[in-house]
1. Check ARG246 against each of (1) over 25 Å from the mean Cα position of the chain (by Cα); (2) surrounded by 21 or more Cβ atoms within 10 Å (Cβ to Cβ); (3) farther than 19 Å from MET326 by Cβ and name the one condition it does not meet.
2. Applying the selection to region 1-39, what residues are out of contact with any Leu (no Cβ under 8 Å at 6 or more places or on another chain) and over 19 Å from TYR297 (Cα atoms)?
3. Right, LYS144: open to solvent by 60 Å² or more (accessible area, probe 1.4 Å), more than 16 Å from the ligand (Cβ to nearest atom) and farther than 23 Å from GLU171 by Cα or not?
4. Return the residues of region 245-254 that are in contact (Cβ under 8 Å) with a residue 40 or more places away in the chain, within 13 Å of the ligand (Cβ to nearest atom) and not acidic (Asp, Glu); say none if nothing qualifies.
5. Just a yes or no: is a residue in region 486-499 open to solvent by 40 Å² or more (accessible area, probe 1.4 Å), acidic (Asp, Glu) and touching a strand residue (DSSP E or B) at 6+ places or on another chain (Cβ under 9 Å)?
6. Anything in region 278-302 that is more than 13 Å from the ligand (Cβ to nearest atom) and either touching an Asp or Glu at 6+ places or on another chain (Cβ under 7 Å) or part of a helix (DSSP H, G or I) (or both)? List them, or say none.
7. With respect to ILE236, is the statement that it is within 30 Å of LYS90 (Cα to Cα), within 30 Å of the chain's Cα centre (by Cα) and open to solvent by less than 10 Å² (accessible area, probe 1.4 Å) true?
8. Tally up the residues in region 426-457 that are within 16 Å of the ligand (Cβ to nearest atom), open to solvent by less than 40 Å² (accessible area, probe 1.4 Å) and not hydrophobic (A, V, I, L, M, F, W, C), please.
Amino acid sequence: MRVKKTLVVIGNGMVGQNFLETLVASSAYTDYQVVTFCEEPRVAYDRVHLSEYFSGKSAEDLSLVESGFFEKNNITLHLGDRAVRIDRDKKQVLSQKGERIAYDKVVIASGSYPFVPPMPGHDRDGCLVYRTIEDLEAITGAAKNAKTGVVVGGGLLGLEAAKALTDLGLETHVVEFAPRLMAVQLDEGGAAMLRSKIEALGVTIHTSKNTQKIIDGDQAIHKMCFADGEELETDIVLFSAGIRPRDDIARDSFLEIGQRGGIVIDNQCLTSDPDIYAIGECALWNNQIFGLVAPGYQMARTVVAQLEQKEAAFLGADMSTKLKLMGVDVASIGDAHAKTQGALVYTYQDGSSEIYKRIVVSADKKNLLGAVLVGDSAGYGTLLQYCLNGIELPENPDALILPSRSDESVGLGPDALPASAQICSCHDVSKGQVCEAITAGCQDMGALKSETKAATGCGGCTALLKSVLDCELDKLGFEVNTDICEHFSHTRQDLYNLVMVDEIKTFDELLTGHGRGRGCEVCRQAVGSILASYWNEYVLEKQHLGVQDTNDVYLANMQKDGTYSIVPRVTGGEITPQMLIALGEVGNKYGLYTKITGGQRIDLFGAQINQLPAIWDELIVAGFESGHAYGKSLRTVKSCVGSTWCRFGLDDSVSLAIELENRYKGLRAPHKIKMAGLRLHTGMCRSPR
Ligand SMILES: Cc1cc2nc3c(=O)[nH]c(=O)nc-3n(C[C@H](O)[C@H](O)[C@H](O)COP(=O)(O)OP(=O)(O)OC[C@H]3O[C@@H](n4cnc5c(N)ncnc54)[C@H](O)[C@@H]3O)c2cc1C
């Protein structure tokens with residue numbers, strides 16, 4: 001029998017887990033006995049979507065590891081144990097809990113940690129960071145007794161952390177050292193637009209602020225003292241001022257470390273020891289640390305290829321990003337700051353819609369070098385393809401960012417992309433590979449994703465992948481698949497029938513019996529709706545909470561700017577003057593826009609998520625309850641005024657409407673229901689019905 005070599009993987013984060021999965025699928029897998037150390041108390045989870053923990057996702061929902069993965073693939077997992085040193089002479093990895101594993105190869109995937117500027121007071125109770133599930137639990141705990149929160153750092157992660165603090169109901173401030181937000185990704189114009197949009201959501205931004213110390217506050221727990229003499233009081237300080245590579249184990253094992261930290265690697269991801277690789281955020285390639293998942297996954301592929309004795313190299317990575325920050329679309333591509341010699345810049349700004357777009361093109365106007373989009377990132381896919389694939393620009397490049405006129409189209413359809421166009425940067429999947437997989441039989445997104453892995457990383461390319469799929473299927477003469485998603489080979493109607501016939505009461509039961517994988521946003525919410533309309537159980541019970549849409553969780557409708565609208569029930573349209581006054585007072589107090597709905601109720605728009613509990617407290621005291629305006633359920637029963645007031649009315653239609661509404665309110669259904677309670681009438685009535 002062939003003796004296997006031992007491979008030790010240090011760190012089971014996003015990149016460590018991706019490495020294991022890539023290895024298991026490769027020919028090198030059979031050559032190695034794999035052992036992995038995972039310092040955290042749980043196996044790899046999706047840090048990219050960490051903030052969804054605050055909108056109801058559990059640690060389990062965020063897990064990246066399929067149940068039984070380690071056992072099935074015979075990988076030894078040391079959970080909650082940190083590898084502390086690599087004894088390179090004896091070729092052993094030593095762990096905190098006393099494990100000593102002899103190795104042939106080591107892969108370090110230890111990630112990074114949040115940088116906390118070492119100012120006096122940075123380590124006071126209530127000074128927190130934002131990286132792990134435990135950090136999020138600490139933030140939630142601290143927020144219970146807090147009124148205000150300050151995020152130190154106005155970068156991408158800082159703004160995500162600020163969203164978390166506002167969602168937790170805190171008056172939120174962002175303190176940034178640089179003169180603008182997201183200084184790495186955005187130019188001045190883009191950052192100014194982002195700032196104004198975020199301030200409109202109630203977050204106070206302080207730029208060019210150098211925090212010198214944190215001391216006891218007078219009105220709040222802490223007082224932050226800035227170099228310009230100003231002060232800011234707060235109950236929570238959340239540091240999000242950048243990341244630093246976790247290179248501690250490499251330092252202690254005398255591997256080469258960069259001047260400013262990071263484990264030095266070459267194009268093969270090898271450290272200064274030929275048997276030790278480093279990948280992900282701990283690795284320093286060409287003096288760069290890559291703080292995104294896609295480059296880490298590329299490094300993982302590079303190492304696996306070498307274990308397979310193939311030639312492979314990591315030669316850097318594109319750092320373009322597209323995200324939604326506090327409901328605001330933001331994207332940055334390539335040379336956003338126009339640093340390339342001779343680069344030309346075009347900008348478009350629409351003050352009323354708060355949209356900012358900028359493209360950076362080569363001096364000969366042939367190539368797109370970079371772009372910044374704020375307020376509308378719909379063009380991201382097209383611009384990215386121009387940039388990454390060197391596709392020649394149209395004669396007037398500014399047409400790419402100007403509002404399109406009906407007689408021209410500058411968007412790149414999937415057909416315009418060359419086969420070499422990279423569709424998924426996380427897993428380096430080209431359009432050619434996608435098309436090959438489609439021709440070989442992958443005719444839905446699920447099959448395509450599992451065959452090519454495209455759209456299974458950060459998810460940014462999902463829309464592009466779907467459009468390539470639809471376009472190719474169309475060309476091949478196939479009908480477009482109607483499965484609800486890749487986790488169920490069924491339509492929505494099929495799922496409804498299964499729930500009914502098999503008497504299925506929870507999403508997990510349906511998934512186990514008739515689906516695969518862990519579900520996604522599409523099937524979870526669809527099944528949530530089916531279960532609610534069939535069984536009508538309380539949708540916020542623990543077993544149903546994870547499959548509800550955000551509107552159902554917060555009893556309010558999220559609007560396009562990320563704020564919420566509230567529609568209290570006005571049964572049968574009957575409302576007292578006192579209740580109208582109460583609605584007016586709430587609207588005034590919280591600065592809400594009010595509108596009478598088509599269902600004779602009053603909609604209050606523009607509430608921040610953290611204001612919802614206080615608003616509901618006041619509405620409940622005034623005698624209101626939820627109008628279920630967010631649910632697929634009975635919402636309202638309209639009525640004419642009936643015989644009590646109408647000269648021609650024959651019956652009491654208002655009482656009937658109230659009776660019907662009270663009887664069926666909140667009843668879940670496949671679609672929203674509105675009724676009208678009109679009783680017999682002489683036909684002479686002139687009032688609108
Ligand atoms: C809130 C947030 C949002 C983000 N959003 C995006 C995004 O939109 N797009 C994007 O591309 N990226 C995003 N990122 C970055 C992305 O999460 C990282 O690039 C990715 O997690 C890096 O993977 P990694 O495996 O290198 O590090 P990690 O995921 O941090 O994993 C490293 C693991 O190794 C463990 N470890 C460290 N030392 C040891 C040791 N000695 N022994 C054992 N275990 C050890 C750590 O505890 C950790 O569990 C985001 C990050 C955060 C925090």
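The values are calculated or read from the model by the stated rules, or taken from the named source; none is laboratory data. A quick note: this is a predicted structure, and the numbers were derived from the prediction, not measured. Neighbour counts run over all protein chains shown; Cβ positions are idealised from the backbone, glycine included. Just the protein is used for accessible areas: all its heavy atoms, side chains included, with ligands, DNA and RNA removed. Shrake-Rupley method; radii C 1.70, N 1.55, O 1.52, S 1.80 Å.
1. Evaluating ARG246 over (1) over 25 Å from the mean Cα position of the chain (by Cα); (2) surrounded by 21 or more Cβ atoms within 10 Å (Cβ to Cβ); (3) farther than 19 Å from MET326 by Cβ leaves (1) as the failure.
2. MET1, ARG2, VAL3, LYS4, LYS5, THR6, THR30, GLU39
3. When the stated conditions are applied, LYS144 does not pass them.
4. Within region 245-254, PRO245, ARG246, ILE249, ALA250, SER253 qualify.
5. yes
6. Matches in region 278-302: ARG301, THR302.
7. no
8. Residues flagged as within 16 Å of the ligand (Cβ to nearest atom), open to solvent by less than 40 Å² (accessible area, probe 1.4 Å) and not hydrophobic (A, V, I, L, M, F, W, C) within region 426-457 amount to 2.
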